[in-house]
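What follows draws every value from the coordinates through simple rules; no lab data is involved. Please read all numbers here as calculations on a predicted model, not as lab measurements. In this analysis, Cβ positions are derived from the backbone assuming ideal geometry, glycine residues included, and neighbour counts consider all displayed protein chains.
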Amino acid sequence: MSRLKIIMGTTRPTRAADRVAPWVASVADAHGGFDVEVLDLRDWPLPFFSEHFGTIGDMNDPSYSEPLVKAWNSKIKDADAYLVVTGEYNHSIPGALKNAIDSVWASNAFRNKPVAVVGYSAGVGGGIRAIEHLAQIVVETEAVPLRNTVVIPFVNDAFDDAGQPVSPMANAALEVVLDDLAWWSTALEYARAAGELVPGRARLRDAMLKAEAAKVPAA
């Protein structure tokens, strides 16, 4: 069974994620295709990203600048798929979420795994701009951003007293996303097991080093 991490991407006290995430987690649990764990960034007070090769140590077993950063990398790596619940802050994702993603650097923990998004906002946009921006960020981690998403506009009025969405579109969209995550997670698990390429930036660096070495005349 695929290990799905649901990441709550906001930390502020008045966040609407506390309305959205419990519903997402309950539907994901009921889906039957996942071992679900919710990662609340409030429980992961990561320092502002400042990792570099000096703090990471051995690239094969990074130590990082703080134990919490190492634990976060290990937690993210221990997953086959991700579902991010995020609001929209100034046309983008919350800073805490960006910092958490940036902190997963040397471990390549997101690499070759699917990422889907549940976006919301207090207005009509439903977090669309945050969703689109997050897709660009996720590509750089070499994860696989999925096309289908859940968009929840007017989030303050989007759930009833029982915590269920008022619009049937929300449940339908979430089921589509979970089916996509299950399919992609299985496909990419097989692909990773068959052997992964070295990250492209490392292959490019090695190719350039070889090219430079080829220019040096033999003694």
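Numbers for the structure displayed
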| quantity | calculated |
| --- | --- |
| GNM result for the chain, Cα springs below 10 Å: residue of M169, M208, M59 fluctuating most strongly | M208 |
| Between helix 17-31 and the chain: long-axis angle, C-alpha atoms, 0 to 90°, nearest 10 | 80 degrees |
| Table column - 3J(HN,Hα) (Hz), the range 162-174, Karplus curve with 6.51, -1.76, 1.60, x for Gly and Pro | 8, x, 9, x, 6, 8, x, 4, 5, 5, 4, 5, 5 |
| Options P153, W72, L209, ranked by Cα towards positive dipole end of the chain, top entry (Cβ charges) | L209 |
| Percent antiparallel among DSSP beta bridges (both partners in the chain, rounded to 5) | 10 percent |
| Kirkwood Rh in Å, taken over all unlike Cα pairs in the chain | 18.5 Å |
| Gap separating the Cα centres of the range 146-219 and the range 34-96, nearest whole Å | 15 Å |
| Over the range 32-159 - Rg/Rh using Cα atoms and the Kirkwood inverse-distance radius | 0.99 |
| The range 2-215 - charge dipole about Cα centre, Lys and Arg +1 at Cβ, Asp and Glu -1, debye rounded to 20 | 680 debye |
| The chain: most fluctuating residue of A130, A158, A172 per GNM, C-alpha cutoff 10 Å | A172 |
| Cα-centred dipole magnitude for the range 29-71, charges only on beta-carbon of K, R (+1) and D, E (-1), debye, nearest 20 | 180 debye |
